[in-house]
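The values are calculated or read from the model by the stated rules, or taken from the named source; none is laboratory data. A quick note: this is a predicted structure, and the numbers were derived from the prediction, not measured. Because the Cβ atoms are built from the backbone with ideal geometry, glycine has one as well, and the counts that use them run over all protein chains shown. When the accessible area is computed, the model is the full protein with side chains, heavy atoms only, and any ligands, DNA or RNA have been set aside. Shrake-Rupley method; radii C 1.70, N 1.55, O 1.52, S 1.80 Å.
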Amino acid sequence: MQRERIVNLRDEAHIGKDVRVQGWVRTFRNDQFIAVNDGSCLGNLQLVIDREATSDDLKKRLTTGAAISAVGVLEASQGQGQATELRVAELQILGDADPESFPIQMKRHSMEFLREKAHLRFRTSTFGAVFRVRHALNFAVHKFFTDEGFFQMHTPIITGSDAEGAGEMFQVTTLDVANAPKTPEGEVDYSNDFFGKMSNLTVSGQLEAELAAMALGQVYTFGPTFRAENSNTSRHLAEFWMIEPEVAFADLGDNMKLAERCLKSVLRDVLGQCDEDLTFLENRERDTEKQLPQDQRHDVPLRQRLQAVVDAPFIHVTYTEAIDLLQRSKPYKKKKFKYPVEWGVDLQSEHERWLVEKHFNGPVIITDYPASIKAFYMRQNDDGKTVAAMDVLVPGIGEIIGGSQREERLENLKAKCAEFNIPEEHVWWYLDTRRFGSAKHAGFGMGFERLVMYVTGMTNIRDVIPFPRTPQNAEF
Ligand code: 4AD
Ligand code: MG
């Protein structure tokens, strides 16, 4: 008999059917009721076994985590909280889980503990919910861009360039690092390396996406990106996934509208599709926050917060206005900010959080940052000091999207390369798009894990990616 997924067996329409289910035991109580979960949804199916006919040996093996297979008739449930249950005719243990050593028990484990058991944490309700929502978001992103007429580009993962110019790259080499060949000047001779030059894992697919956008009109990348930045925060990973649309003939205003439409569209989709998981995560957040002081708890429940983002227009401020607001803020006057607030200095997360959480209380798009704190490719504004950049900030996360209008004028871009010490022969191909049929264009990057954090209410980015890569940690 074919296996049925539990998600399809929960409504009364299936009552009376003979079915087989397979999953993992969550609980076994009263010698009779097995709650089994097969991952297809948050909810368990209750299996009812015959107390007398089932051997003691079999009952002993019905421990949390054991894999089982059961055949029986689906009946209307007598119990609360479920419409159906399975009256078991045939039960088989597929794989035992010794309760002495199986680490995932039916109690609240700390997130830190579960990170060390990342290979088994999928078995918990929380991680089941997070990864189902992650999947739904992934799909919603592709749907949004497809519906808007974008084409996905698979930009390279190995590259010779540093798009962001921050020098935070992981090198890729087949050289024997202990005995690397040297040039007469004593430097590593990369001409003998696999690619004949120094190469690294990409920090962003943007530069290549721009090339494609200047022909296909509107494209997006959605792939893994790698940053060797040594920031051990709850919002940084060394390996994360990024969505990067790039649109020809678009300016910063178009880019801001696209970012807003994109966020709203994916939120609307998951609110519609993941209600069971989001309800669970909402309750989990409320329970977790009970341990926190009142002023650190959310006033509004998770789903309502997400719905509010869908419903309200995003607020726009320039960097200059944001600095002004910050300098007039209470924490600034009371010297509560750790980092300085002055024109020309990058905003720190404490500043971003004050703006979105205290002042505006919702998503904000900050535009027109000083050129000196942004990447070389951003378009110079007429004031000569700022660039057409935008960051989208959301409560609880801070920056979720960073983007800009791109410098499409060859002479300006060459001057920027010189200023940022980027040799033109390293980016000749990028400059070529400004030589042949250049046009204004714009795009952005949305951190996928930051999006998943935002939607699930999880507070550490390590808990929204299956196997997080962070400094000193590449287990699994
Ligand atoms: O602001 P970033 O560095 O922008 C770029 O990479 C541009 N090339 C994007 C573009 O215009 N096409 O990164 C974009 C987003 C950030 O807003 C953040 O959400 C996420 O990527 N991000 C990270 N997420 C997790 N861990 C990290 N270390 C991240 N660094 C950036
Ligand atoms: Mg950024």
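What FRET efficiency would be calculated for the residue pair K17, V300, taking the C-beta separation as r and a Förster radius of 51 Å, to the nearest 0.05?
Once the sixth-power term is evaluated, E becomes 0.75.
Rounded to the nearest whole Hz, the Karplus-based 3J(HN,Hα) values (6.51 cos²θ - 1.76 cosθ + 1.60, θ = phi - 60°) of the range 86-97 follow the sequence 10, 7, 7, 9, 9, 10, 9, 8, 8, x, 6, 10, with x at glycine and proline. Calculated FRET efficiency, E321 to E116, Cβ-Cβ distance, R0 = 45 Å: about 0.50 to the nearest 0.05.
Normalised Debye scattering of the range 6-102 at q = 0.11, 0.20, 0.21 Å⁻¹ gives log10 I(q)/I(0) of -0.28, -0.94, -1.03, counting only Cα atoms as equal scatterers and leaving out solvent.
Surface composition of the range 183-254: carbon plus sulfur atoms contribute 55% of the solvent-accessible area (1.4 Å probe, protein chains only, all chains present).
For the chain, the gyration tensor built on C-alpha atoms gives a prolate shape. Its axis ratio a/c (a ≥ b ≥ c) is at least 1.5, and a/b is the larger of a/b and b/c.
Evaluating 6.51 cos²θ - 1.76 cosθ + 1.60 at θ = phi - 60° for every residue in the range 343-355, the Karplus couplings come out as 4, x, 9, 5, 6, 8, 5, 4, 6, 4, 5, 4, 4 Hz, glycine and proline recorded as x.
For the chain, DSSP calls about 85 percent of its internal beta bridges antiparallel. Each Lys and Arg Cβ is given +1 and each Asp and Glu Cβ -1; about its Cα centre, the range 6-102 then shows a dipole of about 160 debye.
For the range 91-208, the square roots of the Cα gyration tensor eigenvalues, ordered a ≥ b ≥ c, give a/c of at least 1.5 with a/b no greater than b/c, which places it in the oblate category.
Which is the longest run of the chain containing none of the GluC sites (Glu not before Pro) found in DSSP loop states (not H, G, I, E, B) with at most 11 other C-beta atoms within 10 Å? Intermediate values should be presented prior to the final figure.
Values: sites that count: E52, E100, E185, E187, E342, E475.
For GluC sites (Glu not before Pro) (loop position, at most 11 other Cβ atoms within 10 Å), the longest site-free span of the chain is 188-341.
Using the 1.4 Å probe convention, the accessible area of the range 6-102 works out to 50 Å² per residue with neighbouring protein chains retained.
Beyond 22 Å between alpha-carbons counts as too far, so tell me which of K117/K290; K333/K385; K385/K440; K60/K117 fall in that bin. As for pairs spanning more than 22 Å Cα to Cα, those are K117/K290; K333/K385; K60/K117. Can you give me the % of accessible surface on the range 6-102 that is carbon or sulfur? Probe 1.4 Å, all protein chains present, nothing else counted. Of the solvent-accessible surface of the range 6-102, carbon and sulfur hold 43 percent. The distance separating the Cα centre of the range 7-63 from that of the range 105-141 comes to 22 Å.
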